[in-house]
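The values are calculated or read from the model by the stated rules, or taken from the named source; none is laboratory data. Since we're looking at a predicted model, the values are computed, not measured. Ideal geometry is used to build each Cβ from the backbone, glycine not excepted, and the neighbour counts take in all protein chains shown. In case anyone asks, the SASA skips ligands and DNA or RNA and just uses the protein heavy atoms, side chains included. Shrake-Rupley method; radii C 1.70, N 1.55, O 1.52, S 1.80 Å.
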Amino acid sequence: MVQLHEQVLRDAHQSLIATRMRTEDMLPICPDMDQVGYFSMEVWGGATFDVCIRYLNEDPWERLRKLKEALPNTPLQMLERAMNIVAYRNFPDDIVQKFIHYAHRDGVEYFRIFDALNDMRNLERPIQYVKEEGAHAQGSLSYTISPVHTVERYIDDLLTLQKMGCDSICIKDMAGLITPAKAYDIIKGSKDAGVAVPINLHTHCTSGMFGLSYMRACQAEVDILDTAISPFSGGTAQPPTESVVAALKDTPYDTGYDLDLLMKIRRHFLQVWDKYSAFHKINALRFDPSVTTHQIPGGMLSNLMFQLEQQGAGDKYDQVLAEVPRVRQDLGYPPLVTPTSQLVGIQAVMNVLFGRYKKVPTETKDYVRGMYGQPPGEISEEIYRTILGPDWQDEVVDCRPSDLLEPMFDQRKRELEEQGVLRKPEDVLTYAIYPQVGLKFLKGEAREEELTSRQEPVVRRPSFPAAYAIDVNGVTYNVEVKSADLIQVNGIPHSIKIKSQEQTEQLPDQKQEAVPAQSSGETVNVKSPMMGSIIRVNVSVGDRVKKGDLVAVLEAMKMENDVTAPASGVVKSLNVSAGKDVEAGTVIAVIET
Ligand code: CO
């Protein structure tokens with residue numbers, strides 16, 4: 001007999017509708033879902049936490065309690081990113097321990113714990129905390145393909161997870177890469193090598209191989225398969241629950257689930273699917289066997305498309321896909337799962353937009369330093385040098401990354417008390433994990449995003465005055481748009497008329513009048529390299545800066561990027577402050593050389 005682990009309330013809607021499903025769409029069908037007899041239902045963790053507070057104005061803890069109330073007979077599962085919990089960076093042990101404690105108290109019985117790098121040092125503590133709670137620990141391995149990710153290595157790691165006390169183990173194939181042969185070899189090999197706890201296979205439909213792989217997994221005596229009720233299945237989500245149930249009927253792997261009941265659940269989610277039409281993406285529903293080469297998981301793929309479009313580089317999609325495997329090799333073959341998928345994907349974007357490793361976000365540097373854990377494969381000295389500089393050896397750490405972090409819970413609790421917004425202990429965790437978005441939510445300042453928001457085209461309205469630095473054949477012009485018909489180029493006013501494309505190209509040569517900024521030797525602009533928002537400004541007007549000094553930190557594509565001074569001099573003006581959204585080319589500061 002095979003059991004199923006239903007994914008519709010977490011991974012499947014995360015993969016297909018950007019995790020936007022509301023609790024109100026879940027609760028009405030829970031009494032029926034509770035009768036199916038699933039091994040468990042994954043309902044929490046992953047991106048659900050972030051999206052609840054960021055876009056839905058819903059308390060994720062509240063959702064969890066309501067779901068547990070509505071699903072008393074079904075073990076609820078959360079996806080727990082080891083030391084990253086439900087975010088993208090490491091937290092100290094006390095936060096991880098408290099999070100697991102309250103998640104368990106509010107309704108999570110099964111914890112699926114994974115680490116992007118399969119670093120056992122990162123998995124150890126969360127597994128221990130779950131065991132201390134008396135809950136079910138499902139140790140999970142990120143599945144990927146690379147020269148260093150062999151069948152033998154997976155079997156060894158699964159044995160280690162069992163030794164660490166896991167109640168079940170999972171092969172988490174987040175990009176739908178597992179072939180029937182690999183599924184069979186790893187599962188059969190593990191059982192033969194002494195893995196006695198149940199084995200769970202998680203996959204996505206992206207590559208189209210899932211049916212064959214699930215069948216071979218059954219033949220290797222897999223215990224649990226992950227599926228999603230059909231309206232939220234296929235494409236970048238999981239295989240359809242009803243189809244797997246029907247396919248295995250009257251075989252030794254029969255789930256024994258009631259297909260009529262599943263059809264009733266299906267009808268409910270068909271309506272829910274329609275409600276989120278603004279988030280449907282045809283590409284997320286197609287098979288994409290090219291995933292077997294670039295290995296980008298579904299969620300990341302749609303995110304990457306979105307980020308590229310935002311940077312005005314939608315046409316570079318294929319180049320970025322080709323760059324991803326190269327970056328991955330450079331970085332020691334990390335499996336592509338949050339947060340390493342984001343890290344590798346965005347580094348590939350930046351390599352294509354600006355040249356290889358010309359721009360390296362803080363997160364990539366931290367990864368190379370070992371702050372996420374041990375990379376699975378080797379990183380060459382050349383890459384270390386390129387990314388961290390000549391003193392790279394001093395920067396690389398070899399301890400468990402969270403050992404470097406101080407306990408945080410009490411401090412965050414005091415901060416919330418001072419703000420007067422602490423209502424329950426869980427709030428401290430919301431705030432500790434998402435300091436800005438969490439605080440905004442706890443203060444009651446979050447707004448529910450409109451369901452139609454994605455359908456509306458993005459219209460950028462010009463606002464005046466605006467400042468741009470425009471490069472023409474390598475010469476920079478400081479253009480200030482004063483009004484709809486007046487601009488200043490390097491301080492000299494010009495009147496403008498908007499003409500058609502053809503006429504614009506034949507405008508009289510104004511180059512002689514305009515004084516190029518860089519050749520003047522007087523002022524140099526510090527420009528935003530990308531669209532994003534300013535997190536911090538590190539200089540004040542009047543400060544003396546050296547070439548390469550940090551001027552501001554820009555968040556672009558969810559990564560932090562240092563914006564540095566292109567020349568030495570004195571900061572003459574600052575055009576942005578923290579929190580301000582900027583375009584590529586927006587002048588952040590002007591330096592007088
Ligand atoms: Co998944």
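Only helical runs count toward this figure. For the chain, summing -39,500 (n - 2.57) over DSSP H runs of n ≥ 4 and dividing by all residues gives -10500 deg cm²/dmol at 222 nm.
Averaging sequence separations of C-alpha pairs under 8 Å and six or more residues apart, then dividing by the length of the chain, give the relative contact order as a whole percent. Once normalised by length, the contact order is 12 percent. Only bridges whose two residues both fall in the chain count here: according to DSSP, what percent of them are antiparallel, nearest 5? Beta bridges within the chain, antiparallel portion: roughly 55 percent. Each residue of the stretch 346-360 was assigned a 3J(HN,Hα) from its phi angle through the Karplus curve 6.51 cos²θ - 1.76 cosθ + 1.60 (θ = phi - 60°); the sequence is 6, 5, 5, 4, 5, 4, 6, 6, 10, x, 4, 6, 6, 10, 10 Hz, with glycine and proline shown as x. Prolate is the label for the stretch 42-155. Its Cα gyration tensor axes, ordered a ≥ b ≥ c, give a/c of at least 1.5 and a/b above b/c.
Under 1.5 on a/c is rounded, so check that first for the stretch 245-338, then, if it is not, pick prolate when a/b is larger than b/c and oblate when it is not; a ≥ b ≥ c are the square roots of the alpha carbon gyration tensor eigenvalues.
oblate
Under the criterion of Cα pairs below 8 Å and six or more residues apart, the relative contact order for the stretch 151-252 equals 26 percent.
For L486, the residues whose modelled amide H falls within less than 5 Å of its own, excluding neighbours fewer than 5 places apart on the same chain, are I496. When each of the peptides 414-421, 565-572, 277-284, 89-96 is scored by the mean number of other C-beta atoms lying within 10 Å of its residues, the order from highest to lowest reads 89-96, 565-572, 277-284, 414-421. Simple point charges give the picture: +1 on the Cβ of Lys and Arg, -1 on the Cβ of Asp and Glu, and for the stretch 316-449 a dipole about the Cα centre of about 420 debye.
Per residue, the chain exposes 43 Å² of accessible surface when a 1.4 Å probe is rolled over the protein heavy atoms with every protein chain present. Taking 7 Å steps out from each Cα toward its Cβ at Q35 and K424 produces label points 2.9 nm apart.
Shown for the chain: the carbon plus sulfur share of the solvent-accessible area, taken with all protein chains present and a 1.4 angstrom probe, equals 48%. Fully extending the segment from Q411 to N538, taken as 0.36 nm per residue of separation minus the present Cα-Cα distance, adds 43.2 nm. The alpha carbon gyration tensor of the chain gives principal lengths a ≥ b ≥ c with a/c of 1.5 or higher and a/b greater than b/c, which makes the shape prolate.
Between the stretch 147-168 and the stretch 313-357, how many Å separate their Cα centres? With the stretch 147-168 and the stretch 313-357 each reduced to a Cα centre, they are spaced 28 Å. Computed over neighbours whose Cβ is under 14 Å from that of F441, the net charge equals -2, Lys and Arg +1, Asp and Glu -1. Across the stretch 1-145, the mean sequence separation of Cα contacts (distance under 8 Å, 6 or more residues apart), normalised by length, yields a relative contact order of 20 percent.
Residue ranges 213-221, 314-322 sort as 213-221, 314-322 when ordered by packing (mean number of other C-beta atoms within 10 Å per residue, highest first). For the pair D274 and L550, label points projected 7 Å from Cα toward Cβ lie 5.3 nm apart.
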